[in-house]
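Read the figures in this text as sums done on the coordinates, not as results from a lab. No experiment lies behind these values; they were computed from the predicted model shown. All Cβ positions, glycine included, derive from the backbone under ideal geometry; neighbour counts span all protein chains shown.
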Amino acid sequence: ITVRVGAAMSDSAPDLWGLFIEDLNDALDGGLNAELVRNGDFEFDPSERDDFHHLTAWATEGAVAVRTAFPLHPNNRHYASLTGPAAIANGGWHGIRARAGERLRLTLFARAAAPTRLAVALGAGLAGTELDVEPGGWRYLEADLTTVAAGCGELRIAVPAGADVDLDAISLRPLGDNGEPLIFRPDLLDALGALSPSFVRFPGGCLAHGYGLANIYHWKDTIGPRWRRAQTRNIWGYHQSRQIGYGEYFELCEAVGATAIPIVAAGVCCQNSPGGQHAIAESQMDEYLQDVLDLIEYANGGIETRWGAKRAEHGHPEPYGLRYLGVGNEDEITDDFRDRYARIEDAVRRAHPEITVIGTSGPCTTGPDFEAGWEYARERGVAMVDEHGYQSPRWLHQNLDRYAGYDPEGPKVYLGEYAGCSSTVRSALAEAAYMIGLERNPAVVRLASYAPLLARVGHSQWTPDLIYFTADEVRLSASYFVQRAFGSERGERVHAVELEGAEPWTRPVPESGEAHVCSPRATVAFSDVVVDGRPVSDKVTTPGSDGVGLGAIDPTAADIEFTAVRSEGGDGFSLRLGPDDPLSSVKFAFCMGGNRNS
Ligand code: AHR
């Protein structure tokens, strides 16, 4: 074929490709967070998960109790109390691994009734030291360790016979070249940097609006000294130490050369949270609005401002240059949402017209909820709308021209989460094709980020993910290489292109149909499957590429419902109609966490 490149039609969207990061799949603690001690603050709580307790990840020897009297900080109430001879040993995430000659900084707070010497050992002789605790209140202690060999073991802290010592905020971090403890795990940071992102969106996803009102992510809880941060349960079923909080997210943006896109809750928590109030109470809304404005001041204010001064106190006097702010994530467009969103957006527009506020198109990629999200955005003149789309490779190929149909005069699009639904080359190629569709519509699509970004192998709540990792290894998906190619080889202008010798592309009319579910845990209902005007429930098969957990199906029922559990890396579940069944219509729905999508 001959490819003729015509005149440039427009410039590309300058910030188009970026990163979506969420504490999901152990992405942060046990992942990007360089911390080697798990539950160093003793704040894991059974209310977060049945198998959690304040000594999760710790082994104990002798008399060890968890106490809360006169804590280190009201946000860090629990500590370990040892009556010697006794010891506690932390296993990190499946062991604490160290390279030979690695330098590590140990920090902790200790409180003792009398002068006491603590014995610290890493693994079986990998490294060790002693720490002297003076009596009185809580004492901050630190020591640098150098490992004599490579290995994996526990960090053990022992208290001698007769001594009473309280311990809290125990941390062990590798030292960087500048002799300072690392914030981010270097190999993962390198993998993120190599994507050449224009922006980093944080802290989610669903994590931003939280599971219940008490679980909304409040940025002020996550800044300043780590041991003072408010830790909480993670919407994905584990614990958030918040050691990577807003300050670290801004640092991450700088480290990878990207601009920040914080997402704040739109004054409502996730609609799928259990019953009760889903919107921040009227009496607390003024404070919440102020928190949002304070965030902008923390990012951009001069050091003479209250929150700019805080940023300087946290080690960053220069402003971060915030340009975007996301408000809401996949929220259902209820009256409460409209009311809270409008007030937040109005307040930001008034005080900071220089900030682009990004709204949300609601929980779906298509369907009535999605339409409601867009209608509201158009009504209000929202500058940009965050759309999400996890789809099958087939869907991506069939919707390459999706954004050509959008009104270039309407709100712009931030495709905040998207992925083909399997960790396969087929998905990666479909994503690449779809990304070209994003790239060639710069009047509509301004920003896009693949999701989710990071997953610790064996600890994922969502698949597929862009980057998998173990304690020692980073495993890049096929999709990663697509993202890297687009991120590092940026198109600057969009040109008209003519192909000679190629058949013009037309949307294929399928002779066989396929509806595809990509939720890792979904209750799936196929209903009203009609071929040539007659119901064909008997034609429904549910192969699922990995064939697991499909449950019992009555193939003669008019509506078929079953619960499907997909294993990691699977290709989702499919409803397939053979080539002999000319497809006239399929109604297809799935529910996840009580949220109906179609
Ligand atoms: O990326 C995983 C989740 O998918 C996000 O938290 C949420 O926004 C979406 O449903």
Using the beta-carbon distance between Arg493 and Glu375 and R0 = 56 Å, what value does 1/(1 + (r/R0)^6) give for FRET efficiency, to the nearest 0.05? 0.95
Between Asp346 and Asp45, with labels modelled 7 Å along Cα→Cβ, what's the label distance in nm to one decimal, could you check? 3.5
Rough spin-label spacing in nm, given labels placed 7 Å along Cα→Cβ, for Ala113 and Ala485: 6.8
Inter-site label distance for Thr366 and Ala150 at 7 Å from Cα along Cβ, in nm: 5.0
Expected unfolding gain across His73-Ala502 under the 0.36 nm per residue rule, minus the alpha-carbon gap, is 147.6 nm
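Select from the stretch 1-89 those GluC sites (Glu not before Pro) which occupy a DSSP coil region and have at most 14 other Cβ atoms within 10 Å, ordered by residue number. Numbers along the way, then the final one.
On the way: sites: Glu22, Glu35, Glu43, Glu48, Glu61; in loops: Glu22, Glu35, Glu43, Glu48.
Sparse-neighbourhood loop GluC sites (Glu not before Pro): none present.
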